[in-house]
1. Give the number of residues within segment 69-98 that are among the polar types (S, T, N, Q) and open to solvent by 20 Å² or more (accessible area, probe 1.4 Å).
2. Kindly indicate which of Ser66, Ser19, Ser13, Ser103 is of a type in the set (S, T, N, Q), open to solvent by 70 Å² or more (accessible area, probe 1.4 Å) and either modelled with pLDDT of 95 or more or closer than 26 Å to Ile207 by Cα (or both).
3. Within the set of pairs 6 or more residues apart or between chains, which connect a residue that is of a type outside the set (S, T, N, Q) inside segment 206-220 to a residue that is outside any loop (DSSP other than H, G, I, E, B) and open to solvent by 60 Å² or more (accessible area, probe 1.4 Å) with Cβ atoms less than 7 Å apart?
4. Could you tell me whether any residue of segment 296-307 is touching a helix residue (DSSP H, G or I) at 6+ places or on another chain (Cβ under 8 Å), over 30 Å from Ser222 (Cβ atoms) and either open to solvent by 10 Å² or more (accessible area, probe 1.4 Å) or aliphatic (A, V, I, L, M) (or both)?
5. Would you check which residues across segment 235-261 are touching a helix residue (DSSP H, G or I) at 6+ places or on another chain (Cβ under 6 Å), open to solvent by 60 Å² or more (accessible area, probe 1.4 Å) and either touching a residue at least 24 places away in the same chain (Cβ under 8 Å) or closer than 20 Å to Gly130 by Cβ (or both) and list them?
6. Output the number of residues of segment 268-294 satisfying the condition of being over 28 Å from Thr324 (Cα atoms) and open to solvent by 20 Å² or more (accessible area, probe 1.4 Å).
7. Just one of Leu333, Leu282, Leu321, Leu340 is more than 26 Å from Gly143 (Cα to Cα) and not acidic (Asp, Glu); which is it?
8. Kindly provide the set of residues from segment 204-234 that are crowded, with 21+ Cβ neighbours inside 10 Å and of a type in the set (Gly, Ala, Ser), ordered by number.
Amino acid sequence: MKIKPDNEKLSYSGRIDWSNPQEPVFVYPCTSVGMRFTGDELKVRVRNNGAYWDNYLGCILDGRQSVFGLPKEGIASIKIKVQGKKEHEAVFFKRQDACHEMSFLGVELGEGAKLLDMPEMPERKIEVYGDSVSAGEVSEAVGYVGKEDPEHNGEYSNSWYSYAWMTARKLNAQIHDIAQGGMALMDETGWFHDPDYIGMESAWDKIHYNPDLGKSMDWDFSQYIPQVVVVAIGQNDSHPEDYMKENPEGEKAVKWRNHYKLFLGKLREKYPSAQIVCCTTLLEHDEAWDLSIGQVVQELGDERITQYLFKRNGKGTPGHLRITEAEEMAEELAGYIENLNVDGWE
């Protein structure tokens, strides 16, 4: 029994390119499709378009997580082991950022199986703008808590264990995770798309933004209106020059704060009533960046734009956050958001 991607019983989450309803394209981490079904057979088909690193498909079936390698280019038909002919629930999701794009081509169930209705999506919605930490990069390298990253080629990255998705689950909220490894605020800084660095200012309003994978495409903001927006930018911005640390009142530092202020203004235009939370993460960085963020928040004077500093902000680890460290961040952030009296949240 073949289930096409546009079947109304499938439940999607994330910024998705629906240009072809039979081949929706997943770009951002945490993008997912969920389904409930009967029977003991499940096969999924996806097309991968890889730019760098090894690429993987994430799957959670009846609460158990598994991972499947994808070809660099082309179609993969993956058979998922299913226990028993009872009712099942599966979620296929994007573990990584735009190191690849993945088209969902549908699933196949066994003879006589049925596709069932999914539960309604939560009314709560959050959106996160961030870098590799927000994407869950290298999160599964659990033997390296508090340490530099091990050598890797994408196999440890898992958005399910990002603080962003963990926070959403704690809040019972939907999530759009606009996160990309290496991304800073402005173009020509950070690490993403070396040597022609692309910043969040150029990517935040796009579905496709990695030029190595095709043309850019604008996002229709009316499709998803979050009540809470987390802006976790300001850590990769110190590359190639940590001008905020060296001279926080210098010309480059002032320029960055002005651009950060403009970025928050653009978000406010899109989401007039949202709570916007500005932060960085436990990943080690100079506190001058957090002080600059605090200065911008204060200057804006918008009571719905606030800054949160984690207990171990900028001092937690020299490497990416592992699962336990992301859990630490998510616990703090979820508690902070719950106390914001967000409009539309019970």
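The values are calculated or read from the model by the stated rules, or taken from the named source; none is laboratory data. A quick note: this is a predicted structure, and the numbers were derived from the prediction, not measured. Cβ placement follows ideal geometry from the backbone for every residue including glycine, while neighbour counts extend to all protein chains displayed. The protein model used for the area step is the full one, side chains on, heavy atoms only, and it has no ligands, DNA or RNA in it. Shrake-Rupley method; radii C 1.70, N 1.55, O 1.52, S 1.80 Å.
1. 2
2. So the residue among Ser66, Ser19, Ser13, Ser103 that is of a type in the set (S, T, N, Q), open to solvent by 70 Å² or more (accessible area, probe 1.4 Å) and either modelled with pLDDT of 95 or more or closer than 26 Å to Ile207 by Cα (or both) is Ser19.
3. Lys206/Asp218
4. Within segment 296-307 (the criterion being touching a helix residue (DSSP H, G or I) at 6+ places or on another chain (Cβ under 8 Å), over 30 Å from Ser222 (Cβ atoms) and either open to solvent by 10 Å² or more (accessible area, probe 1.4 Å) or aliphatic (A, V, I, L, M) (or both)), the answer is no, since none of the residues qualifies.
5. Scanning segment 235-261 gives Lys245, Lys261.
6. Residues in segment 268-294 being over 28 Å from Thr324 (Cα atoms) and open to solvent by 20 Å² or more (accessible area, probe 1.4 Å): 5 in total.
7. The conditions single out Leu340.
8. Selection gives Ala232, Gly234.
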